[in-house]
1. Size of region D:63-139 along its principal axes in angstrom, Cα-based, largest extent first?
2. Defining the label point at 7 Å along Cα→Cβ, can you sort the distances from residue B:19 to the same site in each other copy, shortest first, in nm?
3. State, in angstrom, two size descriptors of region C:135-280 derived from its alpha carbons: Rg to one decimal place and Dmax to the nearest whole number.
4. Could you calculate, for region D:101-211, the ratio of the Cα radius of gyration to the Kirkwood radius, expressed as Rg to Rh?
5. From the phi of every residue in region E:155-162, what ³J(HN,Hα) in whole Hz does the Karplus formula 6.51 cos²θ - 1.76 cosθ + 1.60 yield, where θ is phi - 60° and glycine or proline is x?
6. For region F:44-90, what D do you get in µm² per second when you plug the Kirkwood radius from alpha-carbon pairs into Stokes-Einstein at 4 °C and 1.567 mPa s?
7. Between the DSSP loop rule and a limit of at most 12 other Cβ atoms within 10 Å, which trypsin sites (Lys or Arg not before Pro) in region B:57-144 are left?
8. Using 1/(1 + (r/R0)^6) with R0 = 35 angstrom and r between the beta carbons of residue C:244 and residue C:56, what's the FRET efficiency to the nearest 0.05?
Amino acid sequence: MDQVTKNNQEKITKRDITISWIRWHAYAEVSANFERLQALAFCASMTGILEKLYKKKEDLSRALKKHLTMFNTQANWGSVINGITIALEEKASQETENKEESEELITGIKTGLMGPIAGIGDSLDFGTIRPILMGISIPFALKGSVFAAFVPLVGQILYMAIVGLFMIHKGYSTGKESITSLLSSGKIQQIISGAGVLGMFMMGALSATFISLSTPLVISTEGANPIEIQSMLDGIVPNLLPFAVVFAIYLYLKKTGANYLKVVGIVLAVSLLGAAIGLF
Amino acid sequence: MDQVTKNNQEKITKRDITISWIRWHAYAEVSANFERLQALAFCASMTGILEKLYKKKEDLSRALKKHLTMFNTQANWGSVINGITIALEEKASQETENKEESEELITGIKTGLMGPIAGIGDSLDFGTIRPILMGISIPFALKGSVFAAFVPLVGQILYMAIVGLFMIHKGYSTGKESITSLLSSGKIQQIISGAGVLGMFMMGALSATFISLSTPLVISTEGANPIEIQSMLDGIVPNLLPFAVVFAIYLYLKKTGANYLKVVGIVLAVSLLGAAIGLF
Amino acid sequence: MDQVTKNNQEKITKRDITISWIRWHAYAEVSANFERLQALAFCASMTGILEKLYKKKEDLSRALKKHLTMFNTQANWGSVINGITIALEEKASQETENKEESEELITGIKTGLMGPIAGIGDSLDFGTIRPILMGISIPFALKGSVFAAFVPLVGQILYMAIVGLFMIHKGYSTGKESITSLLSSGKIQQIISGAGVLGMFMMGALSATFISLSTPLVISTEGANPIEIQSMLDGIVPNLLPFAVVFAIYLYLKKTGANYLKVVGIVLAVSLLGAAIGLF
Amino acid sequence: MSIIQAILLGVIYWISQNKVWYGFSNMRMPICLAPIIGLIFGDMETALVTGATLQMIYIGSIASGGNHPADEGIAACIAIPMAIQAGISPEVAVSIAVPVGLLGTFIDNIRKTINTGFVHLADKYADEGNAKGVRRAAFLYPLLVSFPLRFLPVFFASIYGPAAVQTFMDAVPGWVTHGLTIAGGILPALGFALTMITIGKTKYIPFFIIGFFIVAYSGLSIIGVSIFGLCIAYLYMTSNKAANKSQAEGGNL
Amino acid sequence: MSIIQAILLGVIYWISQNKVWYGFSNMRMPICLAPIIGLIFGDMETALVTGATLQMIYIGSIASGGNHPADEGIAACIAIPMAIQAGISPEVAVSIAVPVGLLGTFIDNIRKTINTGFVHLADKYADEGNAKGVRRAAFLYPLLVSFPLRFLPVFFASIYGPAAVQTFMDAVPGWVTHGLTIAGGILPALGFALTMITIGKTKYIPFFIIGFFIVAYSGLSIIGVSIFGLCIAYLYMTSNKAANKSQAEGGNL
Amino acid sequence: MSIIQAILLGVIYWISQNKVWYGFSNMRMPICLAPIIGLIFGDMETALVTGATLQMIYIGSIASGGNHPADEGIAACIAIPMAIQAGISPEVAVSIAVPVGLLGTFIDNIRKTINTGFVHLADKYADEGNAKGVRRAAFLYPLLVSFPLRFLPVFFASIYGPAAVQTFMDAVPGWVTHGLTIAGGILPALGFALTMITIGKTKYIPFFIIGFFIVAYSGLSIIGVSIFGLCIAYLYMTSNKAANKSQAEGGNL
Ligand SMILES: OC[C@H]1O[C@H](O)[C@@H](O)[C@@H](O)[C@@H]1O
Ligand SMILES: OC[C@H]1O[C@H](O)[C@@H](O)[C@@H](O)[C@@H]1O
Ligand SMILES: OC[C@H]1O[C@H](O)[C@@H](O)[C@@H](O)[C@@H]1O
């Protein structure tokens, strides 16, 4: 009977993978939501593959549900995760035992990679390349060059097509050829850890660069020189407020389990209140 | 007979620990001396505990002598060492064998922690918090605010009461509940090593900040531009003289076995001589 | 018969080692060549030793050929390699079995140490001490002091005699007494790795300091502000061109197997061409 | 402004802000919308100058974790036509549009709240093994639902013109716009925090702190700091390899 | 100056410099003594201004390993009354008192030499199992012995007034005060070196060097540098955990 | 200039640039040649001023991997006599000599190409077990062969004087000297790359990158950066010791 299942199954082609990438790139941000972020986009981008691999309704259903768990990454470099997942699904679908184990493995690799790659991808594509590109094209555009104004958009489309397609196919071939050896040698774990360190480091760098918050508060006792709270804080440690904010949000998310929308609300409320009473 | 000893022994209460802390904070600097620094203070702060634990004179005597060996730490954060020591003494006093081993352990943990905590505590309380507090209160005091002038003192009393009491009780509970597991897992060793690294690092930072020494020497050969030795040294490496001084003293202490008073004398002599002949 | 060989063999004396050092210091740069750099100098400096150790022509021949493989280091600190090699040769010459193994070992230690020591020695002697010495003597020389003008040369001769002689004898004694224990404890490996890390690090530092390359290119579209390529590159990362150059050469050498002369040619050609067309 | 121009503008904004294609992530940027709007309104020069001026404000805008500090797209779709049609100087147009951009983040939050519904719909489709349904829930429905959200504000702002926008903005109290500016400065923190959560390892937090304070103290650029980050991560990886390996070997006994 | 004021001053100095309570560590600082002396002498304003001025000199004073670069307490107890009573300007009072503060470190060194005796006394008590005796040796005796050391100089300086202090200081040759200033700059090194000794591990010395030169080159504040220090120590600890563990596991076989 | 002076000059240059003794590495530096040339030509003051001026250009000259960015020695042997004899100001003499120094690197490259032959000769001697031959190939022959290479250019430049040098340099097109300056800036890279190759471990490259960019960003001096390098290397070594050891222990099972 196993035999039957196997024979029934179609082979994953290069074209399937490219289609999966097209879907991923189209869906990634469209269905973004506060509950599971890109989960729906990831699942939907896998549908073509899963339909081929799982001919039985219940298997397909199970596979689809598996990929509807919380997911978020930077979609460009994140394509590599789709590639790896396709390879792993292909292998898992052929197994007849240890199903649970390989499902856990797939989810483990997905969640292990999504964060680090988000950190690295955001830093590279949006923290580095984008500002450089715009920094170059703004002065030309100010002088009226239509060509220069098109560079950031067209450049990004091409760049992301090249990177994304490369990454998904690379992810697939790596996954297919060497996932077993990768896993047994602990190399995947090592890559996840290295990427995690880099991602975390870059989040720190981005936080210090892109979060801005300061206070105009001044303490003035009668007679005494007025004391600016902000310059006092700067004297202790620069960027103290941004640092406090990102850690407060981090700890809150960690405790409440990523109640994302609520944080948005709190940030807005605190900002407005702070603005109203002159705290910020 | 063992049974008897045990039954004889009183239980260590929270109150005992608090009293021990009060003694520690009162004695810490009062009996400071060139031979064993805070050894006497530490021992004396343990007396109440030891009297409860060791009912036999000879046991008490042995325990007291054990805590009269060289000790020095930053007394505020160092309270945690008292707490841990109390827990360890309590456990050791109930043992009937391996007495020597547990005595060695106690001394090992004490000497392992005292240095790192001195480094960290000095940096935090005296290198960071104190200058910040004073930097804030000086301008107000200059304007005549009595309140501001009281902040550094009252603030420190409260702060050290809170930290010190917390640390001694925390030390005790950690020691009591988990010292065995801590020891077997090597965690205590790890904490000592981490604290040692931080303490050493902070000693470097404090040295560069608080040691000052420079030379006004100038070499002037006839005809040639006069050369300032200090700016030559700065060109090689900044703060070279302070660095040399702290290392010279460190190596000397290391070799001669902490002949503290002698170093004070030498420093004075060299400084006065240097000043007299125009070297410094 | 083994006995015979052994008895035949003369003992290495301190004088032999000093002579070896004198030869090394005399030959080091004189026979520098594009194919094997200091190989000939190294081999020739070992001749006296090898003649003593290997009384049979074929043994001597084999030993000489072994030391004619590619070698390059900073000759001053590198004297330690000569010292170690002498000790190892002495030991190897007494062995009757495992000849191949100890030959490999000798070559391994030589090639393991030569790079790191080159990096460290160049940084210290030529990147640090020399500029400091000259920085000091130039102003005096400008004022006409003959004495000051002699300092860099005489100072270097003395300094290198002291360091070099110390290093070769130290290398020999270390090698002789403890090479076996060093090897079994992995300490030699550790020293090579530490020195390698430092050497590599210093190469980076020297590269950033001493390689200079920039471009005067300017992009000017009609109407728009002209854009200086160099300041654009600096905005991305400082010293980008020197970094690219050193890596390009490194990768090329790595790939083509140290075709040194060719790189000299390419550098010259590219520089001249670049200068001609206004690229640099 | 003709209705057709207003419709085109609304559609452009809808497409750009929904990132119908991930490679369009830059399309919502004023400098990218500028030439398109310039075409629609037939005044390329003003469009480019206004777009480039506005862009400078958003040059460091980063939207990690799906989180926008401000809506550059709506700001561009308000400011550029305003500068072209009402003859307002680019600087003034920008100063009106930036607060609108702050308000614009609300639209995105509404969208992401609504999209939550589609995930649950997808859950149902997944249960049924309905792959096509999942795809519709992931693309078609969100796009349709977001249409009025994206289209209408820009459409009406275009129809009723600068005066209406000005009146609207005047009605918004000063502390609100100031508060939104503050929120715009804070919101990226949410994205970064979320990414930290998904990275997951608490023990990497020292690297966050190092990265943060290297930048805070040295002012290094992201690319500069990432060079050191790469090296540190590589060294961490390789040094841990040794440790891991030996652990593995030790553990396997 | 009344005798009672002089007595009060002497006692205050005795309490503050002996740190009868560790939380009083700041009490010897001029800014903390100022309001107390202001009360005694009935001129709070002058006291505060002089105290704050004097404090600025000692703001970075650190006494590791029980080692004082200067005696801020005696300086304060000389300068503040002088400014109040002799009508000398705070600046001048400070310039006279600072050299006195340098001389003051001798008192502390005498105290710590004498205290050595009490340790040996405590050794004896410990031998006898006499806990109370140990406590007396740790607190009562040192406090009593230090009383004349601390009380008398300040008492007499107060009684004989600014002129006497001035005469005394004039008698001290310039190279001595300069030499003491130098010593005051060097003495903290002794405290740091002692702490290095008690930390004990020679292999951590590179961390000392890193800490030193990060500050020397960057001018980072102690708090700034400690952030990096914390991260480095944490990473060292955790990375060594792996190594230690595997070593342990490897070793246990 | 007398022939004897020219001969002496040529010989001096030959000795200095061949580093007949490794401790002579500085001898080719203008400041070291200056007093010698001053003696030969009997005008110490001009010699020293010209030498010191020229030296400033080469103060950071480094020749790793046997690779000279420029030939300071020939520049000195041209500029100093020129300043003394033709009464040209030191600055002008230097500006003529520096391009000559750039051309001078060709001589060294020719020498190292020729020397390749002697290695092969040494191979033969080694085969025959002829140690003396090896020594001759290592010292005598290279020194002799290099004699004309080193001696003649300086000798002829001296004989025909500044005018000839000037004419020669004028014949060299501007882009060539500019190109050689560029090459002089790049050539050290070759030496560093070669050393990287001989260090051999690709996995240490992050340390290269760290060292490079610490200097590039901070402008730290070599000695400053080497302090940190030492500490990093030491820590790497000791932390790897733990890992290595446990690996060894783990592996030995
Ligand atoms: O932060 C990772 C990722 O999060 C979301 O999915 C979006 O904001 C992306 O733009 C971003 O790259
Ligand atoms: O250095 C640790 C410690 O040493 C001594 O005990 C005193 O100087 C304390 O103030 C200091 O905190
Ligand atoms: O780089 C190491 C070494 O290489 C060559 O042998 C010469 O350039 C030496 O001066 C240098 O020290």
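The values are calculated or read from the model by the stated rules, or taken from the named source; none is laboratory data. Computed from a prediction, not measured in an experiment: that's the story for all the values here. Positions of Cβ are backbone-derived with ideal geometry, glycine not excepted, and every protein chain shown enters the neighbour counts. The accessibility values were calculated without ligands, DNA or RNA, using every heavy atom of the protein model including side chains. Shrake-Rupley method; radii C 1.70, N 1.55, O 1.52, S 1.80 Å.
1. Principal-axis extents of region D:63-139 (Cα, largest first): 57, 22, 17 Å.
2. Ordered by distance, the counterparts are at 8.3, 8.3 nm.
3. Radius of gyration, then largest Cα-Cα span, for region C:135-280: 23.5, 76 Å.
4. Numbers: Rg = 19.7 Å, Rh = 17.7 Å.
That ratio is 1.11, to two decimals.
5. Running phi through 6.51 cos²θ - 1.76 cosθ + 1.60 with θ = phi - 60° gives 4, 5, 4, 5, 5, 7, x, x Hz.
6. On the way: Rh = 11.3 Å.
Once the numbers are plugged in, D ends up at 115 µm²/s.
7. On the way: sites: B:57, B:62, B:65, B:66, B:91, B:99, B:110, B:143; in loops: B:143.
Here no loop site has a sparse enough neighbourhood.
8. Working: r = 53 Å, r/R0 = 1.51.
Using R0 = 35 Å, I get an efficiency of 0.10.
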